Amino acid sequence: MRLEPIARPSALRLAGLPLLALAATVALAAGLAALAGGEPLAVLGLIVKGAAGSRFALLETLNRATPLIFTGLAVAVAFRAKLWNIGGEAQLYMGALVTVVLGTGALGWPSPALLPALALAALMAGALVLLLPALLKVRLGVDEVVTTLLLNFVVLLVVSMLLEGPLKDPRAMGWPQSARLVPEARLPRIVDGLRLHWGFALALIAAAAVWLIQTRTTLGYEMRAVGLNREAAAFAGIPVGRVILRTALLSGGLAGLAGFSEVAGLRGNLTLALSPGFGYTGIIVAMLALLHPLGVVLSAVFVAGVFVGADSMSRAAGVPSYIADILLAAALLFMVLALMLTRFRLVRG
């Protein structure tokens, strides 16, 4: 068997195969629920109910989706230009670290000035973290997959050292954590009494801004051209190295904003448990969205809904919540296979 390109895929093929991938994912989830001793339809219903069955559940899903939108956008921007950013965790934590350093009293500004300053500082911090691997890639040809992945561990170790040292809150008992942000550095809640904060609105603005950049600017055109064919882009006069560096700044900055959003909007301080893997989950979010910035919003809400719904389902049905991780991994694999088969067909030969 070999793969043969399809010159003009039919509309049925383009729409049907992704839907078939989603159906296969649901079928797999139902089978796993049955193996775990649950009623498949009841388990799936509990996941949906836990994610969107009430006002509280829906807002909690949107709250969980907020950092995933930022990290998903970071991955989508980088991957569009064939810059393989696997370091979203490092960029997120660096953005959070800068937010804590400046937001615990170093800047005695009122909220209208302090919050934009913290967001800009977090954006710049995340951007600089990815700039180093991008420079190594452009100047020395170093594989950015390795450098961005390893930087995740380096940044986490640096954060751990600071939390055990100069940033440690002397009033904290047990688990090391930083001092809390001053009230002026906190993002207000959208709904009083619930956890959804204005970082979600900032994430939506970021998605719209990335879409405008990719579709309405010269940089967006250059990013797509470099991603499609770097040699052809260079032959056409596009400064490939400069485009990669600009892409890195934008991608890393978006992930840095995820750290700002989590600290200023939700946590109020920094701990090593700030992110349960938002940087890595952003890769799934971006791939399910086919690297489209507006699709990232829907994909992030879907992924967040699976996690929130699985937690609720686990408590109600006694089925392990790890089914959510398997579900998302299967969804990604099935979707990648479906997208491949929309462009290629299997033939004997």
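Helices from the chain with mean Kyte-Doolittle at least 1.6 and a Cα length along the axis of 20 Å or more, per DSSP H: which?
11-35, 111-140, 144-164, 323-343
With a Förster radius of 35 Å, plug the Cβ-Cβ distance of residue 205 and residue 39 into 1/(1 + (r/R0)^6) and report the FRET value to the nearest 0.05.
Values: r = 42 Å, r/R0 = 1.20.
Step by step, r from the Cβ atoms, then E = 0.25.
What's the percent breakdown of Cα-Cα distances in segment 242-332 across 5 Å bins, shortest bin first?
3, 12, 17, 21, 19, 16, 8, 3, 1, 1, 0
Can you tell me the equivalent ellipsoid semi-axes for segment 66-292? Use √(5λ) from the Cα gyration tensor, largest first, whole Å.
31, 19, 14
When the helix-only estimate is applied to the chain (DSSP H runs of n ≥ 4, each -39,500 (n - 2.57), divided by the residue count), what is the mean residue ellipticity at 222 nm, nearest 500 deg cm²/dmol?
-24000 deg cm²/dmol
Ratio of alpha-carbon Rg to the 2.2 N^0.38 Å globular estimate for segment 1-128, to two decimals, please.
The reported ratio for this selection is 1.57.
With labels modelled as points extended 7 Å from the Cα through the Cβ direction, what inter-label distance (nm, one decimal) is found for residue 139 paired with residue 172?
3.5
Under a plain spin-label model, where a point goes 7 Å from the Cα along Cα-to-Cβ, how far apart in nm are residue 10 and residue 189?
5.3
If each of residue 27 and residue 158 carries a label point 7 Å out from its Cα toward its Cβ, how far apart are those two points in nm?
My value for the distance between the label points is 4.8 nm.
Full extension from residue 240 to residue 109: what is 0.36 nm times the residue separation minus their Cα-Cα distance, to one decimal in nm?
So the extension gain works out to 43.1 nm.
Using a Förster radius of 30 Å, what is the FRET efficiency between residue 231 and residue 1 based on their Cβ-Cβ separation? Nearest 0.05, please.
Efficiency, from the Cβ-Cβ distance: 0.50.
Checking a compactness column here: for segment 125-192, what do you get for Rg(Cα) / (2.2 N^0.38 Å), N being the number of residues?
1.58
FYI, it's all coordinate maths here, none of it is from the lab. If you're wondering where the values come from, they're calculated on a predicted model, not measured in any experiment. Please note: Cβ atoms are built from the backbone with ideal geometry, for glycine as well, and neighbour counts cover all protein chains shown.
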